[in-house]
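Okay, structure first, notes after.
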Amino acid sequence: MKNFQRLLAICIMIVAAYSCGEKPIVPPGDDVPEAVPQLTFPAPENNHFRRVGYFPYYRDLTAAGIPDSTLLRLDVACFAFAEIQPNFTVKVQSNTELYNLVRRCKELGVMVFLSFNGDHDLFAQMVSKQKYREVFIKSVMEVVDRYDLDGVDNDWEYPSTKDRSSVGNLYLMRELSNILHAPEKGKYLTAAITCGKYVGSYSNGILDDCYKCVDWFNVMSYDDFSTTQAGVHHSPFELLETAYKYWVGTRFMPPKKFVGGIPIYGRPAGITQSGTVLTYKGIIGQGGDPDANEALVTSSSYNNGNTQYIVYYNGRPLVREKTRYCLEKGVGGIMFWEAGQDTHDSTSIIKAAYDEIFK
């Protein structure tokens, strides 16, 4: 009888709460939905034409590897990468090279961002819960503060609608934006994303609400290769056009948040990509024409260097054309993957773009 009376009292309290327009108090537990993070500090408007370069940890980031002249033609250097760990912290790949890059860029007035990436499943799990995201963000910000970095670049690249990591990625970007764009921090938040040629779970995985969180998006308009069809250029001018039309035209990304990607390497077509991808510096070193977009080369990693094949790349005229297109469209800039693959002399891809901007 007492149990029945207690149950009856609870039912009456629930009905009364709903009748007053209030939700009943639910005991805490894992089945309680987490609060959706709200955007307090959105990204400010991007009023500059950015010149962004990626700097992987496996390159020599001293002046011997990449001269000051190359750094000075950029205004943002993204150090790649800080990789997500199973405990949701990040591990910087080569603290030495990050230190080298930061020291040099600080002296030259170039901003340095920390790019993070890693295993998709780990990211999907990390963004699924607030407590996991807090661990990740704390770890990222410790690196940012330790090296006095200017911003963070989300290079996960592939949040997906299939596993709802797209929603978790949005929550992560809101929380990062609230920290990085807070007045007392005044730092940047960017993201590398697919070019959007193949619309699906990955392109749709960048939710429109992310636009408000991000200063600009580094759009990877390259790597559209084929291992079965010969003659396919992995990064033609048309791919940049396609990326712009998708993100700005179809998805209504603000143009100033679109930064067009330019590769500093070449890929073959109709054959394996394993051991056949060459740096622009390597292509020119084999006699490739800096004003052409294809060259006949060999690779020691492909058939023991005994087979010639055609590699497709962006020569100086194509780079200038892409740069002009971005300038004319009024977008947020251009991006290079990656600076360590350039020639750093008169044939330089980064120099060709820089000269086109400031001619």
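The values are calculated or read from the model by the stated rules, or taken from the named source; none is laboratory data. Model, not experiment: these values are computed from the prediction. Every residue, glycine as well, gets a Cβ built from its backbone with ideal geometry; the counts of neighbours run over all protein chains shown.
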Just to be sure before I move on: is Lys197 surrounded by 16 or more Cβ atoms within 10 Å (Cβ to Cβ), touching a residue at least 12 places away in the same chain (Cβ under 8 Å) and among the charged types (D, E, K, R) in the structure I sent? no
Quick one: would you say Glu97 is farther than 30 Å from Asp163 by Cα and modelled with pLDDT of 95 or more? yes
I'm told Asn154 meets every condition in (1) of a type outside the set (Val, Ile, Thr); (2) touching a strand residue (DSSP E or B) at 6+ places or on another chain (Cβ under 7 Å); (3) over 26 Å from Asn46 (Cβ atoms) except one. Can you identify the failing condition by its number? (3)
Please verify whether Leu149 is crowded, with 17+ Cβ neighbours inside 10 Å and within 11 Å of Val90 (Cβ to Cβ), treating the condition exactly as stated. no
Given the condition surrounded by fewer than 16 Cβ atoms within 10 Å (Cβ to Cβ) and of a type in the set (A, V, I, L, M, F, W, C), answer yes or no: does some residue in the range 80-103 qualify? no
Residue ID - surrounded by the fewest Cβ atoms within 10 Å (Cβ to Cβ), chosen from residues in the range 339-352 that are among the polar types (S, T, N, Q) and either in contact with an Asp or Glu (Cβ under 9 Å, 6 or more places away or on another chain) or over 14 Å from Leu278 (Cβ atoms) (or both): Ser346
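Okay, residues lined up against (1) at pLDDT below 95; (2) farther than 19 Å from Ala192 by Cβ:
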{"residue": "Phe123", "(1), (2)": "no, no"}
{"residue": "Gln130", "(1), (2)": "no, yes"}
{"residue": "Val143", "(1), (2)": "no, no"}
{"residue": "Leu149", "(1), (2)": "no, no"}
{"residue": "Glu157", "(1), (2)": "yes, no"}
{"residue": "Thr161", "(1), (2)": "no, no"}
{"residue": "Met173", "(1), (2)": "no, no"}
So if I check each of Asp208, Asp223, Asp163, which one is in contact with a His (Cβ under 6 Å, 6 or more places away or on another chain) and surrounded by fewer than 24 Cβ atoms within 10 Å (Cβ to Cβ)? Asp223
Given the conditions (1) out of contact with any Phe, Trp or Tyr (no Cβ under 6 Å at 6 or more places or on another chain); (2) among the aromatic types (Phe, Trp, Tyr); (3) surrounded by fewer than 19 Cβ atoms within 10 Å (Cβ to Cβ), and given that Phe217 satisfies all but one, which numbered condition is not satisfied? (3)
